[in-house]
1. Kindly indicate whether Ile87 is surrounded by 15 or more Cβ atoms within 10 Å (Cβ to Cβ) and either more than 15 Å from the chain's Cα centre (by Cα) or of a type outside the set (S, T, N, Q) (or both).
2. Please go through the stretch 25-74 and give me each residue that is among the acidic types (Asp, Glu), touching a residue at least 12 places away in the same chain (Cβ under 8 Å) and more than 22 Å from Arg85 (Cα to Cα), ordered by number.
3. In the stretch 40-57, how many are open to solvent by 50 Å² or more (accessible area, probe 1.4 Å) and among the hydrophobic types (A, V, I, L, M, F, W, C)?
4. Are any of the residues in the stretch 22-35 open to solvent by 70 Å² or more (accessible area, probe 1.4 Å) and hydrophobic (A, V, I, L, M, F, W, C)?
5. Between Ala47, Ala91, which is at pLDDT below 95 and over 19 Å from Ala20 (Cβ atoms)?
6. I'm checking my understanding of the structure. Among residues of the stretch 33-57 that are over 12 Å from the mean Cα position of the chain (by Cα) and of a type in the set (A, V, I, L, M), which one is nearest to Asp78 (Cα to Cα)?
Amino acid sequence: MNECKVTFHPVFVEAVKDAAELDEERTRLQAVMGADTFERVRAIIEAQPARKRAAYYWTICKAACAGQDFSRVESLEDIADIYARFIIGRAFET
């Protein structure tokens, strides 16, 4: 029997890895937020450049798991304000 070896272009492999990471981070955030809040945040994040989305999902998930409330966000600036308060609060914990 003949065996064929299939290889993919490195750019394609990287794109597949990036898509998997984005899906993983999106799913993780969805698991810790209510459906309405997640959809609001998702709409804001999906409007951002694709290369930044996984990082946004990760940082929001980190803050949401620590108790930050994203239920009233309407823009990326609102998300940034909540995350900044979260980071500053952590910096001054004793």
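The values are calculated or read from the model by the stated rules, or taken from the named source; none is laboratory data. Just so we're clear, the structure is a prediction, and the values are computed from it rather than from any experiment. Positions of Cβ are generated from backbone atoms using ideal geometry, with glycine treated the same way; all protein chains shown enter the neighbour counts. In case anyone asks, the SASA skips ligands and DNA or RNA and just uses the protein heavy atoms, side chains included. Shrake-Rupley method; radii C 1.70, N 1.55, O 1.52, S 1.80 Å.
1. No: the conditions fail for Ile87.
2. Asp36
3. Count: 4.
4. Here is the first cut: in the stretch 22-35, the ones open to solvent by 70 Å² or more (accessible area, probe 1.4 Å) are 23-24, 27-28, 30-31, 35.
This time we only want the ones that are hydrophobic (A, V, I, L, M, F, W, C), so: 31, 35.
Yes; the residues of the stretch 22-35 include at least one that is open to solvent by 70 Å² or more (accessible area, probe 1.4 Å) and hydrophobic (A, V, I, L, M, F, W, C).
5. Of the residues listed, the single one that is at pLDDT below 95 and over 19 Å from Ala20 (Cβ atoms) is Ala91.
6. This residue is Ala47.
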